[in-house]
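Working notes, structure below.
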Amino acid sequence: MPIFSASHIGGALAASGVLSPRGGGAALKAQAELTGGNLGAVSQSVAGARLVTGPFDVAFSVEGEGLSPPGVVAGLSGKGTLSLGAGTLLALNPGPLRRVAAKAAKTKIKATKAEIEADTETVRRTLTKGIYKYAPAQIPFEVKNGTLRLAPTMLTTAGAERFTGLLAERFARIMEDGVEGERPASSLRIAERN
């Protein structure tokens, strides 16, 4: 007897599991795979708005034990992968960040605090007005003690390598030079993935 239907988010769900007595509680071992899901439908049902579009698949296996149903959930551990097809993040426009990075790359003059604040305000005002198209991505995740943790991942788009390089250059210059002679309070590390 099915206990969950994936029809409202699209796709096909295949799942199996075993719940068995363990001491004074229970142990659970389960695996599931959803293929052909619809991110728009998921964001609509979770956030009340279509914030993203595109297909996705997810597969995972978990196991755990506890003295009560919440205890079993809190004790779950396992692994999985979220596979995103090409899609679009709605209400996100990377253009303002690109413009700031391009502006920084063209100048060798140290940015003033006022210039940085003006650029920041421009980005803040316009960043959430637009769309961001991304390429397919694989996002591994783990479940540990009932908590889902996604691995750090980049959603890339055309020109992303140049864009991230320009941002890295701008931030490195700010961190090296400071703002009008001030030394930044924190550091920023930028690393390339091999």
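The values are calculated or read from the model by the stated rules, or taken from the named source; none is laboratory data. These figures come from a predicted structure and were not determined experimentally. With ideal geometry, Cβ positions are generated from the backbone for all residues, glycine too; neighbour counts draw on all protein chains shown.
Some notes on this structure:
One line per residue, one yes/no per condition, for (1) outside the structural domain of ALA30 (by TED's automatic domain parsing); (2) surrounded by 15 or more Cβ atoms within 10 Å (Cβ to Cβ); (3) in a strand (DSSP E or B); (4) out of contact with any helix residue (DSSP H, G or I) (no Cβ under 9 Å at 6 or more places or on another chain):
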| site | (1), (2), (3), (4) |
| --- | --- |
| ALA59 | no, yes, yes, yes |
| GLU65 | no, yes, yes, no |
| VAL72 | no, yes, no, yes |
| LYS79 | no, no, yes, yes |
| LEU82 | no, yes, yes, yes |
| VAL100 | yes, yes, no, no |
| LYS110 | yes, no, no, no |
| ALA114 | yes, no, no, yes |
| ALA118 | yes, no, no, yes |
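- Residue among GLY40, GLY10 that is without any contact (Cβ under 8 Å) to a residue 24 or more places away in the chain, more than 14 Å from GLY146 (Cα to Cα) and crowded, with 17+ Cβ neighbours inside 10 Å: GLY40
- When residues in the range 138-157 are screened for being in a loop (DSSP other than H, G, I, E, B) and either over 23 Å from VAL72 (Cα atoms) or not assigned by TED's automatic domain parsing to the domain that holds LYS79 (or both), 7 of them pass.
- Evaluation of ALA49 against (1) surrounded by fewer than 16 Cβ atoms within 10 Å (Cβ to Cβ); (2) over 18 Å from ILE9 (Cβ atoms) (one fails), failing number: (2)
- With respect to (1) farther than 25 Å from TYR132 by Cβ; (2) at pLDDT below 95, the lone exception for SER61 is condition (2).
- Residue count, the range 1-18 (criterion: modelled with pLDDT under 80, over 23 Å from the mean Cα position of the chain (by Cα) and not in a helix (DSSP H, G or I)): 5
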